[in-house]
Amino acid sequence: MSASAILAQAAEAGGDAKNIAAAASAGYGYGLAAIGPGIGIGYLVGQSVQAMARQPEAAGMVRTTMFLGIAFTEALALIGFVVFILLKFA
């Protein structure tokens, strides 16, 4: 079901319209917030594997840097989730 269909149902529902619209927009916002970190982590891991394949002796340092990058990138998704919760229950 698309976001516009949910919002159309919210307009017809009456009393719960605000809650339905808030949930739909928060879910849409979290979906958008998850796209960036997903692309970022995929790119980061791909480049790290390529670097380890080219220089196996530097694999330990590359792996450590990769995990730090994953943690920082995943923090963006968690921030998006917190914003989702704030919008849902505010």
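The values are calculated or read from the model by the stated rules, or taken from the named source; none is laboratory data. This one's a predicted model, so the numbers in the text were calculated from it and none came from an experiment. Cβ placement follows ideal geometry from the backbone for every residue including glycine, while neighbour counts extend to all protein chains displayed.
Step by step: first the residues of the stretch 2-30, then only those that are within 20 Å of the chain's Cα centre (by Cα) and farther than 19 Å from V82 by Cα, then the one that is modelled with the highest pLDDT. Which residue is that?
Step by step, filter the stretch 2-30, then rank; the result is S2.
Within the stretch 73-84, identify whether any single residue is free of Cβ contacts under 8 Å to residues at least 24 places away in the same chain, loosely packed, with under 12 Cβ neighbours inside 10 Å and over 30 Å from K18 (Cβ atoms), and answer yes or no.
Among the residues of the stretch 73-84, at least one is free of Cβ contacts under 8 Å to residues at least 24 places away in the same chain, loosely packed, with under 12 Cβ neighbours inside 10 Å and over 30 Å from K18 (Cβ atoms), which makes the answer yes.
Can you report the number of residues in the stretch 31-61 which are over 12 Å from the mean Cα position of the chain (by Cα), in a helix (DSSP H, G or I) and either free of Cβ contacts under 8 Å to residues at least 24 places away in the same chain or within 30 Å of L86 (Cα to Cα) (or both)?
Looking only at the stretch 31-61, we keep the residues that are over 12 Å from the mean Cα position of the chain (by Cα), and these are 42-61.
Still in the running and in a helix (DSSP H, G or I): 42-54, 56-61.
Still in the list and also either free of Cβ contacts under 8 Å to residues at least 24 places away in the same chain or within 30 Å of L86 (Cα to Cα) (or both): 42-44, 46-54, 56-61.
Total satisfying the criteria: 18.
Looking at G36, is it modelled with pLDDT of 85 or more and not hydrophobic (A, V, I, L, M, F, W, C)?
Numbers: modelled with pLDDT of 85 or more: yes; not hydrophobic (A, V, I, L, M, F, W, C): yes.
It is true that G36 is modelled with pLDDT of 85 or more and not hydrophobic (A, V, I, L, M, F, W, C).
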